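Take a look at the structure set out below.
The values are calculated or read from the model by the stated rules, or taken from the named source; none is laboratory data. Source: prediction; values computed, not measured. All Cβ positions, even for glycine, are placed from backbone atoms using ideal geometry, and neighbour counts span all protein chains on display. When the accessible area is computed, the model is the full protein with side chains, heavy atoms only, and any ligands, DNA or RNA have been set aside. Shrake-Rupley method; radii C 1.70, N 1.55, O 1.52, S 1.80 Å.
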Amino acid sequence: MASLACGWGCSGEVVATEGGHLHRMGLYYLDQGENERSLEYLDRALDTGRGHALLHFDRCVALSNLDRRDEAAKDRALYHYKTKAQPEAAVFVDSIRLQTGARPEEALELLGGLLEEHPDEVRFRFQRAHVLTALGRKEQAVQEMQRCLEIAPEDLLLLVGLGGLLEQLGRHQEALGYLDQADGIEPGEWRITANRAVTLGSLGREEEALAANRKAMELRPDNAEGAYQLGGALAKLGHFGEALEAYDRAIAANPRHHRAHCDRGLALVALGRSLEALDAFQQATQIKPDFVEPYFERSKLHLKRGEPSSAMIGLQMVLERDPENIEALYMKGQLMHHLGNVKGAFFALQKAVELAPENYAIQALYAEVLPLMDDPKAKRDPDHKH
């Protein structure tokens, strides 16, 4: 059976019914991977007499995730039986399969046809918003989700999803408004609390963000992402010892959380524990070799420790992965200039100037290095090749 992806909601004609509300709550928790809790709501929806094909589809997904295969098979059979009278359900599920199969344009076409026949169907419209988001058309996705909210104003997955999308677009105050609405409907729910913490941090309301992160950790003590976010909130306020503890909890829950390893390194730097920090940055690069931030941070720390050759290795690792990384080019130019390699400094800074012609600091250092290129003796340092 195809996974739920982000297809969710309920038929527009039953959006106000008890069964429709219970179905939507089940989908909210299914989207979070809380299959047992999702089933509680979906079963209650079924008990109200709501027998829509998609309800059986959703129960099948939850039961399959729990490895309850025999029960899942029964719901799968009921789903296929009911699509004879509700063929739009099968078309909708096909759109999910196309989306999860990296064929979003085809999914969008199917959903467009469904919405011509069922313009008030919340589930179809939200899935369209999901596909538009995947295609990078986020403003259109916001419009679709806002239209969904006109039909289902208290739908948690809509409110939380819209809050997350607006956060991505930098519309933090609007995002917080939707998350606050969601929190009013389901107070103390983990996902809402964690998302509010992120948005409060984006708004610079650091103390409130920290409080929300602490609450999220109380709700999910073993959640890696929650612990990681708590570490970030603590670090922003300068509580590096506590931040380190939070990052350690994140790594205990997910040893391959590369960002937690990197940010753990930053906390260790702030605490003056440089050798441990270097090891943390190394761990991050081993887990995700294309993650450039720990290479940067290692280079900065090596420079602070008076280890320019090691710093240069880190910068080269960044530039191998991102040849147009302006900060790395500028740092390389600075380091080459300091080491007396004028030619190396010139080429790094020349490229940085081309990429960031308005950057005063890069322009100033480039202007300082440029005249030195006329000195034949300064063009090459045999100990530091470009």
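Table for the structure above
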read-out: From the options Gln181, Gln173, residue that is farther than 22 Å from Leu30 by Cα, open to solvent by 20 Å² or more (accessible area, probe 1.4 Å), assigned to a helix (DSSP H, G or I) and not hydrophobic (A, V, I, L, M, F, W, C); value: Gln173
read-out: Tabulated pairs, the stretch 131-153, first touching a residue at least 60 places away in the same chain (Cβ under 8 Å) and open to solvent by less than 20 Å² (accessible area, probe 1.4 Å), second aliphatic (A, V, I, L, M) and in a helix (DSSP H, G or I), C-beta under 7 angstrom, 6+ apart or interchain; value: Cys148/Val122; Cys148/Leu158; Ala152/Val122; Ala152/Leu158
read-out: Residue pairs meeting the criteria (Cβ under 9 Å; at least 6 apart or on separate chains; first touching a residue at least 12 places away in the same chain (Cβ under 8 Å) and of a type in the set (Lys, Arg), in the stretch 316-342; second outside any helix (DSSP H, G or I) and open to solvent by 60 Å² or more (accessible area, probe 1.4 Å)); value: Arg321/Pro289; Arg321/Asp290
read-out: Residue within the stretch 344-362 that is open to solvent by 60 Å² or more (accessible area, probe 1.4 Å), modelled with pLDDT under 90 and not acidic (Asp, Glu) present; value: no
read-out: Pairs where the first residue, in the stretch 291-309, is surrounded by fewer than 20 Cβ atoms within 10 Å (Cβ to Cβ) and the second is basic (Lys, Arg) and in a helix (DSSP H, G or I), C-beta under 9 Å, 6+ apart; value: Phe291/Arg259; Phe291/Arg321; Glu293/Arg259
read-out: Unique match (being out of contact with any Gly (no Cβ under 8 Å at 6 or more places or on another chain) and in contact (Cβ under 8 Å) with a residue 12 or more places away in the chain) among Gln127, Gln181; value: Gln181
read-out: Test result for Arg264, under 21 Å from Tyr330 (Cβ atoms), crowded, with 20+ Cβ neighbours inside 10 Å, without any contact (Cβ under 8 Å) to a residue 60 or more places away in the chain and of a type in the set (Lys, Arg); value: no
read-out: Residues (at pLDDT below 90 and under 17 Å from Ala89 (Cα atoms)) located in the stretch 47-74; value: Arg50, Gly51, His52
read-out: Some residue of the stretch 68-84 being among the acidic types (Asp, Glu), within 28 Å of Gln143 (Cβ to Cβ) and in contact with a His (Cβ under 8 Å, 6 or more places away or on another chain); value: no
read-out: Verdict on Phe346 being among the aromatic types (Phe, Trp, Tyr), touching a residue at least 24 places away in the same chain (Cβ under 8 Å) and under 22 Å from Gly265 (Cα atoms); value: no
read-out: Filter pass, Ala85 being more than 28 Å from the chain's Cα centre (by Cα) and open to solvent by less than 30 Å² (accessible area, probe 1.4 Å); value: no
read-out: Entirely in the stretch 16-87, the helices (runs of 4 or more DSSP H) that have 3 or more residues that are touching a residue at least 24 places away in the same chain (Cβ under 8 Å) and closer than 24 Å to Asp183 by Cβ; value: 18-31, 35-47
